[in-house]
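J.: I'd like to ask you about the structure that follows.
The values are calculated or read from the model by the stated rules, or taken from the named source; none is laboratory data. Computed from a predicted structure; not experimentally measured. Note that each Cβ is placed from the backbone with ideal geometry, even for glycine, and that neighbours are counted across all protein chains shown.
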Amino acid sequence: MDLLRIVDALDAELVHGPDGWEKINIETVFASDLMSDVLMSERDDMLLVTSLSSEQSIRSAGIVGSEAVIVANGKTVTEGMIELAADQDVALFRARFPKYDLCVLLGRLLGT
């Protein structure tokens, strides 16, 4: 599913988007605040949902090849996160919903 359709449905705010981010295909979602768990994932076309508002979430997303990161709970996204997302070509969003609610919405949207 196109990332644009997903973030529209989640009412997520774009913080950083590489060129063409709207058409990025998302097939899987991984939700975690434990970046050690994220680093163990082997998924393609992945969206990372986290409430960890730190550079570690962007670094971890880049290592596993995640296409995008959504920071939940309306948490503040730091300048360091934005710079790192730009360096790693990772789309970065902020959503006001708690992580659990985002996962429920994503499950319904993706039909899982």
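J.: Among the residues of region 25-45 satisfying the criterion of being more than 18 Å from MET81 (Cβ to Cβ) and of a type outside the set (Asp, Glu), which is surrounded by the fewest Cβ atoms within 10 Å (Cβ to Cβ)? Can you show your working first?
T.: First, the residues of region 25-45 that are more than 18 Å from MET81 (Cβ to Cβ): 25-29, 36-37, 40-45.
If we keep only those that are of a type outside the set (Asp, Glu) as well, we get 25-26, 28-29, 36, 40-41, 43.
Details: ASN25: 10, ILE26: 22, THR28: 15, VAL29: 22, SER36: 8, MET40: 11, SER41: 16, ARG43: 15.
Applying the filter and picking the extreme gives SER36.
J.: Same structure again: Of the numbered conditions (1) touching a helix residue (DSSP H, G or I) at 6+ places or on another chain (Cβ under 8 Å); (2) farther than 23 Å from GLY111 by Cα, PHE30 fails exactly one; give the number of that condition.
T.: (2)
J.: A follow-up question, please. Would you point out which residue out of VAL69, VAL77 is hydrophobic (A, V, I, L, M, F, W, C), modelled with pLDDT of 95 or more, in a loop (DSSP other than H, G, I, E, B) and crowded, with 19+ Cβ neighbours inside 10 Å?
T.: Every option except VAL77 fails the conditions.
J.: Looking only at region 53-66, which residues are under 25 Å from ASN25 (Cβ atoms) and either surrounded by fewer than 20 Cβ atoms within 10 Å (Cβ to Cβ) or of a type in the set (S, T, N, Q) (or both)?
T.: Our first condition is that a residue be under 25 Å from ASN25 (Cβ atoms); within region 53-66, this holds for 57-66.
Within region 53-66, SER57, ARG59, SER60, GLY62, ILE63, VAL64, GLY65, SER66 meet the criteria.
J.: Next question. Go through region 2-24 residue by residue and tally those that are crowded, with 16+ Cβ neighbours inside 10 Å and part of a strand (DSSP E or B).
T.: Of the residues in region 2-24, 2 are crowded, with 16+ Cβ neighbours inside 10 Å and part of a strand (DSSP E or B).
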